[in-house]
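Everything on this sheet refers to the single structure shown next.
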Amino acid sequence: MRLSCVFALGLTVMGTSFGAARATALDVQHTVHHSKTTSKHLAVRHTTHSRTSSASSHRVHAAVLTGRHHRYYGERFTASSFASGDIFAGDIAAGEDPVVRQAAIDALGDMNGTAVVIDPSNGRILAMVNQKLALSPGAEPCSTIKLSVALAALSEGLVTRDTPVQLAGFRMNMTDALAKSNNLYFEELGRELGFDRVRHYATQFGLGELAGYHIEGEQLGEYPQESLPASEGGVGRMCSFGQGVSMTPLQLGAFVAAIANGGTLYYLQHPTSTEDVLAFQPKVKRKLDIARYVPDLQDGMAGAVEYGTARRLRANFQELPVFGKTGTCSDKGTRFGWFASYSDSPQGSLVTVFFLEGGRPTFGPRAAELTGEFYKNLWDHNYFAEKGTQAHAALQVTSTTSTR
């Protein structure tokens, strides 16, 4: 298990206009909380070198460290990771794809969580299991927030996927930072972008607004109007695992669907009857200018599955490429585990969001593992071999779909 600690940073930026700030370095994934008692400060000097005209040149940030000591404490969790009762009983499923729905239910098993599956080509929700949780006000996005920060930095020309950023004694590029969910890297991007630009892109990507189109019961996540105070980590902490942000599974799903389709942010729609499916028409919320940056992002999302924090997915499923991002954090005794992903097959893509709540057994890699089980369930039912997602869903929908 990787440990987390909090550093007070004295930041001096040279060669750019990003300014100076104090910030906090955070959990690298999973959970160990730090003592609020601190001794020495860690001074960090950042030097940004401007790019040359060569396309192969990279911006490098240099960090010089002095000592600081910390004590670590295990966190006590009071929530259960396992469902009590039938968490799917109240779902409205008559307009869902029954094969996709059952695959998601079987993957979740007895875990306390929700799964949302979306067709990224049109924004249709093919399955939403445990709808009460899926439509809730959401939770801290944990490290899934790194996707929006990465796209913001790419869009601003701050880095490419290959730009080496030197941190506390090591260098890292975006591909490895996404794959391994490195918080220091994304704190640095967040500080250089500044809160206003970070928030601008996050809201463009759909955070802080309803993701669905007339989905009954959907509640709103929140993106704050101002940065966390420096004493709580500032914009760096917001960009490393989303402290202060509340994100819903639907918001994350709509955003990842826009990544998967190259930049169209659809309103998500959840048909509730066969008639709704037959009358379905996509509704575009807005176009995002991200298509040129998706390959840079996709490398890191592929790395997460192949060798990074989501590699447990491959224990269950290896037949198709899957690109994703994990997230793990906690609040007031409840631990959150996120995994958002999209698959690639000749018959079309699927976007999945698995969100878990509970105690110590709940974390991002577990959500990735369940996603692998979901894809395996579909593969075993020849889902990808038969037909494209939308056609399959339309033909399979019945007016009475059993739920569990």
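The values are calculated or read from the model by the stated rules, or taken from the named source; none is laboratory data. Please read these numbers as outputs of a predicted model, since none were measured by experiment. Heads up, the Cβs are rebuilt from the backbone with ideal geometry, glycines too, and the neighbour counts pull from every protein chain shown. Ligands, DNA and RNA are stripped out before the accessible areas are found, and what is left, the full protein with its side chains, is counted by its heavy atoms. Shrake-Rupley method; radii C 1.70, N 1.55, O 1.52, S 1.80 Å.
Which members of the range 277-316 meet the condition of being of a type in the set (Asp, Glu) and in contact with a Gly (Cβ under 8 Å, 6 or more places away or on another chain)?
Across the range 277-316, the qualifying residue is only Asp289.
If a residue has to be under 20 Å from Gly372 (Cα atoms) and hydrophobic (A, V, I, L, M, F, W, C) to count, how many in the range 84-106 make the cut?
Here the count works out to 5.
Filter the range 122-143 for residues that are in contact with a helix residue (DSSP H, G or I) (Cβ under 6 Å, 6 or more places away or on another chain) and within 30 Å of Ile92 (Cβ to Cβ) and give the result.
Of everything in the range 122-143, those that are in contact with a helix residue (DSSP H, G or I) (Cβ under 6 Å, 6 or more places away or on another chain) and within 30 Å of Ile92 (Cβ to Cβ) turn out to be Leu126, Ala127, Met128, Val129, Ala134, Cys142.
Does Glu187 satisfy the criteria of being in contact (Cβ under 8 Å) with a residue 60 or more places away in the chain and either in a helix (DSSP H, G or I) or open to solvent by less than 60 Å² (accessible area, probe 1.4 Å) (or both)?
When the stated conditions are applied, Glu187 passes them.
Can you name every residue in the range 344-359 that is buried (at least 24 other Cβ atoms within 10 Å of the Cβ) and not β-branched (Val, Ile, Thr)?
Leu350, Phe354, Phe355, Leu356
Residue check, Thr264 against (1) in contact (Cβ under 8 Å) with a residue 60 or more places away in the chain; (2) closer than 15 Å to Ser121 by Cβ; (3) within 20 Å of the chain's Cα centre (by Cα), all met but one. Which one?
(1)
Please go through the range 342-355 and pick out each residue that is in contact (Cβ under 8 Å) with a residue 40 or more places away in the chain, on the phi < 0 side of the Ramachandran plot and out of contact with any Leu (no Cβ under 8 Å at 6 or more places or on another chain).
Result: Gln347, Ser349, Val351, Thr352.
Taking only pairs six or more apart or across chains, which ones have beta-carbon atoms under 8 Å, a first residue in the range 223-236 that is under 14 Å from Gly194 (Cβ atoms), and a second residue that is open to solvent by less than 60 Å² (accessible area, probe 1.4 Å) and among the polar types (S, T, N, Q)?
That search, which allows pairs on different chains as well, returns Leu228/Gln243; Gly234/Thr24; Gly234/Ser227; Val235/Ser227; Gly236/Thr24.
Taking the range 125-161 as the search range and keeping residues that are in a loop (DSSP other than H, G, I, E, B), open to solvent by less than 10 Å² (accessible area, probe 1.4 Å) and of a type outside the set (Val, Ile, Thr), which one is nearest to Glu216 (Cα to Cα)?
Among them, the one singled out is Pro141.
I'm trying to understand the selection: among the residues of the range 166-178, which are within 19 Å of the chain's Cα centre (by Cα) and either free of Cβ contacts under 8 Å to residues at least 24 places away in the same chain or surrounded by fewer than 24 Cβ atoms within 10 Å (Cβ to Cβ) (or both)?
Answer for the range 166-178, where residues must be within 19 Å of the chain's Cα centre (by Cα) and either free of Cβ contacts under 8 Å to residues at least 24 places away in the same chain or surrounded by fewer than 24 Cβ atoms within 10 Å (Cβ to Cβ) (or both): Asn173, Thr175, Asp176.
Pull out all pairs, ordered by first then second residue, where Cβ-Cβ is under 8 Å, the residues are six or more apart or on different chains, the first lies in the range 272-296 and is open to solvent by less than 40 Å² (accessible area, probe 1.4 Å), and the second is β-branched (Val, Ile, Thr) and not in a helix (DSSP H, G or I).
Final answer for the pair search is Thr274/Val397; Thr274/Thr398; Val277/Val397; Leu288/Thr264; Asp296/Thr160.
Select from the range 76-106 the residues that are open to solvent by less than 30 Å² (accessible area, probe 1.4 Å), of a type in the set (A, V, I, L, M) and out of contact with any strand residue (DSSP E or B) (no Cβ under 7 Å at 6 or more places or on another chain) and list them in ascending order.
Listed by number, the residues that qualify are Ala93, Ala94, Ala103.
Taking the stated definitions as given, is Ser246 polar (S, T, N, Q) and touching a strand residue (DSSP E or B) at 6+ places or on another chain (Cβ under 6 Å)?
Yes: the conditions hold for Ser246.
Report, by residue number, each residue of the range 133-184 that is hydrophobic (A, V, I, L, M, F, W, C), within 17 Å of Phe354 (Cβ to Cβ) and touching a Ser or Thr at 6+ places or on another chain (Cβ under 8 Å).
Leu133, Ala134, Leu135, Ala139, Cys142, Ile145
If a residue must be out of contact with any Ser or Thr (no Cβ under 6 Å at 6 or more places or on another chain) and under 18 Å from Val353 (Cα atoms), how many such residues does the range 84-95 contain?
Count: 1.
Could you look through the range 191-244, keep only residues that are among the aromatic types (Phe, Trp, Tyr) and in a loop (DSSP other than H, G, I, E, B), and pick out the one that is surrounded by the most Cβ atoms within 10 Å (Cβ to Cβ)?
Phe205
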